[in-house]
Protein chains: 2
Amino acid sequence: MMKICSCQFEVEAGQPAKNLEKILSFIKEAKKNNADIIIFPEMAVPGYFIGDTWDSSSFLRDCEYCGQKIIAAADGIAIIFGNVAVDWHKRNRDGRQRKYNALFVAQNKQLLSAENSVYPFAIKTLHPNYREFDDSRYFYSTAMLATELKKDVRELIKPFTLFIKGKPLVIGCILCEDGWNDDYPISPIDILCADKKTDIIFNISASPYTLGKNHKRHRVFSRHAQMNNVPLVYVNKVGIQNNGKTIYTFDGSSTVYAADGSIADYAMPYQETARYIEFPLKKEVAQNLASDIEKDDIACIYKALTYGIGKFLQKIHMKKVVIGISGGIDSAVAAALYSRIISPENILLVNMPSVYNSSTTKDLARELAENLGCAYAVVPIQESVDYTIRQFTETKIHHASSDIPEQLKITSFTAENIQARDRSARVLAGLAAAIGAGFTCNANKAETSVGYSTLYGDQSGFLAALADLWKYQIYGLALYLNKEIYKKDVIPQAVIDIVPSAELSADQNVDEGRGDPIKYPYHDYLFRSFVERWDKATPEDILLWYENGSLEEKLGCRPGLVKEYFTDPTDFINDLEHWWNLFSGMAVAKRIQAPPILAVSRRAYGFDQREAQNTPYYTRRYREVRQHFIGK
Amino acid sequence: MMKICSCQFEVEAGQPAKNLEKILSFIKEAKKNNADIIIFPEMAVPGYFIGDTWDSSSFLRDCEYCGQKIIAAADGIAIIFGNVAVDWHKRNRDGRQRKYNALFVAQNKQLLSAENSVYPFAIKTLHPNYREFDDSRYFYSTAMLATELKKDVRELIKPFTLFIKGKPLVIGCILCEDGWNDDYPISPIDILCADKKTDIIFNISASPYTLGKNHKRHRVFSRHAQMNNVPLVYVNKVGIQNNGKTIYTFDGSSTVYAADGSIADYAMPYQETARYIEFPLKKEVAQNLASDIEKDDIACIYKALTYGIGKFLQKIHMKKVVIGISGGIDSAVAAALYSRIISPENILLVNMPSVYNSSTTKDLARELAENLGCAYAVVPIQESVDYTIRQFTETKIHHASSDIPEQLKITSFTAENIQARDRSARVLAGLAAAIGAGFTCNANKAETSVGYSTLYGDQSGFLAALADLWKYQIYGLALYLNKEIYKKDVIPQAVIDIVPSAELSADQNVDEGRGDPIKYPYHDYLFRSFVERWDKATPEDILLWYENGSLEEKLGCRPGLVKEYFTDPTDFINDLEHWWNLFSGMAVAKRIQAPPILAVSRRAYGFDQREAQNTPYYTRRYREVRQHFIGK
């Protein structure tokens, strides 16, 4: 019998000393509990998303030093952990220090090597370079090393042999992507198990949460275990890490797959926990547990958001927040969500009416604040906006010309944006600074897609926690918060029922049922196809689907919707081009200056979906089909 | 004799149709001029920096279609061009469509293949994955293909054979990084020339401008030509491309290296031009030309900035700009620079004094505007700021607590930021909207390094054109503008002489010689070592250099400076930690929301220097040395 401690701990990115301290205390505890092996996630020492800090030798030396401390603790216990490994005598392909994303196995205060290995560690073989991952930017892979050594990569992927209670244990050690080999030319797990002598596979990971990813992992990893008839221990980290523009939660969900593919152990998502697993594995399986937890999308999203926001606030030492509440759904959801993360006493809700705000929404904002028990203030913006417009029109422009007139005129559109900036850059930013808080950005993903927001206005804030959620998910979250979390209507039903509106002009009068130009039941799905679809849709795809009648099915929106919304092809095409121009034009410029976005979907804006500020483009095929419909 | 047309043209990223049109017209002209071969840069059809647009099949099909049109034009002329190549039957390692960064050779309306090639195109072998480059995110390399085909990569790197006037011409075709092989396991040029039968090497590139890069290229490529005794034709594009946060200029500077390593032809930087080069190469060399042009750093920077800003304005269809001018150096340089790019009549300079602004700087601002002949306005902010502070203090907070008091107090620091946001988010953004302009961000690289700016305040704007320049470069540019460009002091000498100051409080009174807390002659170089140094410096490096007396030499700043500025180690360490905490802390948060930055250095902020918003870190070694100096 053997006892393995799987250590799903909160790795703090860029903090080797802190992580080392934690690792050592987990080791101490595991020794007390007579574990034979303790295992830590990928990059447990430095963290994973640390940007170009990988370019600092002094940082790398510090990570090495921490690694030595861990090895020195491998006394009476075998330790498996992830860290960066540096070969100071070689270079990466960018000419910088040679670095490996590595897995170390230590026993008797020494590092073990796999058979014939050139290094006393295992190297990550498959390098993800998509979404938030940039492994090839920083690390040398096993395949690159094989090329350099003029060897077959298979020769470099060998198991380690530990001695547990005097008996050999052959362990196959891989890192994260190595287990997701579907589209790579080799399968490290299959290579490690080829001679049937491997007793167990360890996969140490740094795998950020994505809605639905755990289901896929269960399928893929169960199959690996089953096909090779070997148990597979998957250890993931918890915590949050970011690449600047996008923040990821790491959900842990560390899992032990038995040799028959069943789930033998499962660590609760987002919990820092050391699980002790006895081998051979007991018969009872934890299959149901895992699937129960990941059943409901909105519940998963709620968990990811509350965890992610909470950790981010901690990280930046922010104890108070200011939230502008309009009486609309997005800000109401933000307020209800934050109120579950920090005490309502530390939340200041602010309603900032102008002449265009209805008493309907003003009353709803107050009702929301009362329901949540947050601090609340009303800060009207009309005087300030009027002052600005008056000051502008009274300003004398010297050396004026036909391009820049001596006296300025303020259009209603300009006035709308003045309002939006007055609210955020003047009121919210000022109030936040006055009480030592941050103010939130409440934008959803549909608005963020097309830049339906004002720069330095409602697009600003310290964090855009809802910007990876489509409007339908915001509504889902509102209902979930009321029903499952608060168990009462803290978000007034009228907030959910009212037409979404920015209330920046008379054209957006909610009492007359007028609001946003975004038709969410359709545009949520249209925009989603631009960014989240595996093969990203462009107007060409959309128009071809429209032509052949498969559009609603392809987008996943409600059948019949397109006909309801658009009277004819011209109408449809105008709408499509209007939003595509914004999505791939001005909205990119706005996203470049957007706050960091908390990721939950399979493609979040920021540095997950990578974008250039280019001119909107229409393919030849699109232009042909368009012409067929409506001529030039 | 043979005539080659090297086509250094402006590729617009993400606009295949537009690029195709240009390519076809260059081909037409080259045919008229009896060129035997015409050659276009890397990714001449789609452009290079297009973000995740590579994930759209419909976009890829459009690029393929454009490629076919180019092939069809290869009639009486051989055409070499860069485009994306798609293998619709295979997948990339991320599971998406197989894509290659490819070079096509067309003759007689058909694509040629290299010997034994599996595809009718050459594939980029060496993939850059550093700075702004993400080739492995999107493209499959020759090395990956070799692994898949279980072949040696060398077997896949073979020359093409063209027939020019009935005679065979063996051409080695490579893409960009393939010529920069120093840190890669193979050298494509050496492989192509191994059997001494290759007549000429073509390197098609998409190589962004970096200060000093051309000198290095001349060294590296001259050596390649010389070592292999073969002429090398390097064709680069012009134009600008961006990855969202960072904008790059492509300077062209296409060069022909003779077999003896000398420069035989050189295309003017930043010019769209088709050069006709006759082979065998004439004896006169253009060596001096190339080195003359790249002699003076500030002249190069001036060229890159004016080109980059001009093209960016064109791209986003912006004809007018608003520039806030304080009477200080950064905004003065911005105003003088923009005035060379667009007509002064389309530039509105705005001075926005508060009670803290001296008449010295107010007068200098007016003088600058008069010198440049721009439209000019004075928009005082005191009333508006006072209104905001009064409104805040009069606002009643309901449901107040010990954390959020019933009545707010506005500290002087909060008031400073209120001023900064009032200027940018209220006045500049509003005025810009009113006249259909954008407003500029005038931040320099030192300020950007440590976030010495206000979010939604002076850090905002549509473009941060100076944010890759250290303060000493800003001064250099001011002198260059006066002396070389305007040939008079359009930037008043007093603007250059005055102490740099934000003038946001009485503590920053310029007339009393008080200003920014940044000591530019030292901090410029300290901050540069954090970001631009090959091996990025951390406080550990700085303190060790300080300890052993090599700091000024390592940083490149003026000797003796450290002693002048810092009375003792405690003073030095406090300063170091203060700025490091900002650089790796709050400043990252600010950069995440900063405008796009125009790159000139070897590491610009944005998506060149990649960063995560993590907690500032000090290594163990740093903490030890620090303790040695000043104890706990």
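Given a 1.4 Å probe and every protein chain left where it sits, what share in percent of the accessible area of chain B is carbon and sulfur?
The value for chain B is 50 percent carbon and sulfur by accessible area.
Determine the dipole magnitude for the protein assembly as shown: charges of +1 sit on the beta-carbon of Lys and Arg, -1 on that of Asp and Glu, nothing else is charged, the reference point is the Cα centre, and the result goes in debye to the nearest 20.
In debye, rounded to 20, the protein assembly as shown gives about 2680.
Relative to the longest principal axis of the C-alpha atoms of chain A, give the angle of the C-alpha long axis of helix A:57-72, reported between 0 and 90° and rounded to the nearest 10°.
Once rounded, one gets 50 degrees.
Net charge around A:Trp545, counting only other residues with Cβ within less than 9 Å of its Cβ (Lys, Arg = +1; Asp, Glu = -1)?
Charge balance in the 9 Å sphere: -3.
Where only protein heavy atoms count, and the probe is 1.4 Å, what is the accessible area per residue for region A:519-632 in Å²?
39 Å²
For chain B, what's the radius of gyration and Dmax over Cα atoms, in angstrom?
Just the Cα atoms of chain B yield Rg and Dmax of 27.6, 91 Å.
Could you go through region B:557-573 in sequence order and give the Karplus-derived ³J(HN,Hα) for each residue, using 6.51 cos²θ - 1.76 cosθ + 1.60 with θ = phi - 60°, rounded to whole Hz, and x for Gly and Pro?
Working through the residues one at a time gives 9, 5, x, x, 4, 4, 5, 4, 7, 10, 6, 8, x, 4, 4, 4, 5 Hz.
Run through all the Cα pairs of region B:122-189 and give the fraction in each 10 Å bin from 0, expressed as whole percent.
20, 46, 25, 9, 1
Around A:Asn34, what is the net charge, scoring Lys/Arg as +1 and Asp/Glu as -1 over all other residues with Cβ under 14 Å from its Cβ?
Within the 14 Å Cβ shell, the charges total +1.
For B:His398, enumerate residues with amide H under 5 Å from its amide H, sequence gap 5+ or separate chain, H modeled in the peptide plane.
The answer is A:Tyr376, A:Ala377.
When DSSP beta bridges are limited to those with both residues in chain A, what percentage is antiparallel, rounded to the nearest 5?
Rounded to the nearest five, the antiparallel share is 55 percent.
Which value, in square angstrom to the nearest 100, describes the accessible area buried between chains A and B on both sides, using a 1.4 angstrom probe?
10100 Å²
Using a label point 7 Å beyond Cα on the Cα-Cβ vector, give me the inter-copy distances for A:Asp183 in nanometres, one decimal, shortest first.
Distances to the matching label points in the other copies: 2.6 nm.
Per DSSP H run of n ≥ 4, the term is -39500 (n - 2.57); total these for chain A, divide by its residue number, and report the mean residue ellipticity at 222 nm rounded to 500 deg cm²/dmol.
Rounded to the nearest 500, the figure is -11000 deg cm²/dmol.
How large is the charge dipole for region B:519-632, taken about the Cα centre, if only the Cβ atoms of Lys, Arg (+1) and Asp, Glu (-1) carry charge, to the nearest 20 debye?
Computed about the Cα centre, the dipole is about 340 debye.
How many percent of all Cα-Cα pairs in the protein assembly as shown sit more than 54 Å apart?
For the protein assembly as shown, the fraction of Cα-Cα distances above 54 Å is 22 percent.
Which residues of region A:329-346 bury at least 50 Å² of accessible area once all protein chains are present, versus their chain alone (1.4 Å probe)?
Hits at the 50 Å² cut-off: A:Glu345.
For chains B and A related by rotation, which residue of B has the Cβ nearest the axis, and what is the rounded distance in Å?
Spelled out as residue then distance in Å, it is B:Ala425, 2.
When the Karplus curve 6.51 cos²θ - 1.76 cosθ + 1.60 is applied with θ = phi - 60°, which whole-Hz ³J(HN,Hα) does each residue of region B:329-338 get, with x for Gly and Pro?
6, 4, 5, 5, 4, 4, 5, 5, 5, 4
Would you work out the relative contact order for chain A, in percent, from Cα pairs under 8 angstrom that are 6 or more residues apart?
For chain A, the relative contact order is 11 percent.
Can you give the local net charge around B:Glu148? Use residues other than it whose beta-carbon is closer than 12 angstrom to its beta-carbon, Lys and Arg +1, Asp and Glu -1.
Here the charged neighbours net out to +4.
So if I take the alpha carbon set of region B:2-295, get Rg, then get Rh from the Kirkwood formula, what is the Rg over Rh ratio?
0.93
Calculate how many DSSP beta bridges within the protein assembly as shown are antiparallel, expressed in % of all such bridges and rounded to the nearest 5.
The antiparallel proportion sits near 55 percent.
Separation of region A:47-122 and region A:124-147 by C-alpha centroid, Å?
When both Cα centres are located, 16 Å separates them.
Please report how far the C-alpha centroid of region B:223-273 lies from that of region B:609-632, rounded to the nearest whole angstrom.
Cα centroid of region B:223-273 versus Cα centroid of region B:609-632: 42 Å apart.
Which residues belonging to region B:589-615 lose at least 40 Å² of 1.4 Å-probe accessible area when the assembly is complete, relative to their chain isolated?
B:Ile592, B:Gln593, B:Arg603, B:Phe607, B:Arg610, B:Ala612, B:Gln613, B:Asn614, B:Thr615
By how many degrees, between 0 and 90 and to the nearest 10, does the Cα long axis of helix A:539-548 differ from the longest principal axis of chain A?
80 degrees
Rounded to the nearest 20 Debye, what is the dipole magnitude of chain A about its Cα centre when Lys and Arg each give +1 and Asp and Glu each give -1 at the C-beta?
Computed about the Cα centre, the dipole is about 1980 debye.
Under the convention of a label 7 Å out along Cα→Cβ, give the distances in nm from B:Met1 to the same position in every other copy, shortest first.
Label point to label point, same position, other copies: 9.3 nm.
Using a label point 7 Å beyond Cα on the Cα-Cβ vector, give me the inter-copy distances for A:Asp571 in nanometres, one decimal, shortest first.
7.6
Using a 1.4 angstrom probe on protein heavy atoms only, which residues from region A:386-407 are buried by at least 40 Å² of accessible area when all chains are present rather than their own chain alone?
A:Tyr387, A:Gln391, A:Phe392, A:Thr395, A:His398, A:His399, A:Asp403, A:Ile404
From the gyration tensor of the Cα coordinates in region B:519-632, what semi-axes in whole Å does the equivalent ellipsoid have, largest first, with each one equal to sqrt(5λ)?
Each semi-axis is the square root of five times an eigenvalue, giving 25, 17, 12 Å.
Once region B:366-518 is represented by equal point scatterers at the alpha-carbon sites, with solvent omitted, what log10 I(q)/I(0) does the Debye formula produce at q = 0.12 Å⁻¹?
Cα-only, vacuum Debye calculation for region B:366-518: -0.66.
Taking the Cα centre of each part, how many Å lie between region A:432-463 and region B:481-558?
33 Å
Any idea what angle helix A:213-228 forms with the longest principal axis of chain A, computed on alpha-carbon atoms, 0 to 90 degrees, nearest 10?
20 degrees
The values are calculated or read from the model by the stated rules, or taken from the named source; none is laboratory data. Just so we're clear, the structure is a prediction, and the values are computed from it rather than from any experiment. Every residue, glycine among them, receives a Cβ derived from its backbone with ideal geometry; neighbour counts consider all protein chains shown. The accessibility values were calculated without ligands, DNA or RNA, using every heavy atom of the protein model including side chains. Shrake-Rupley method; radii C 1.70, N 1.55, O 1.52, S 1.80 Å.
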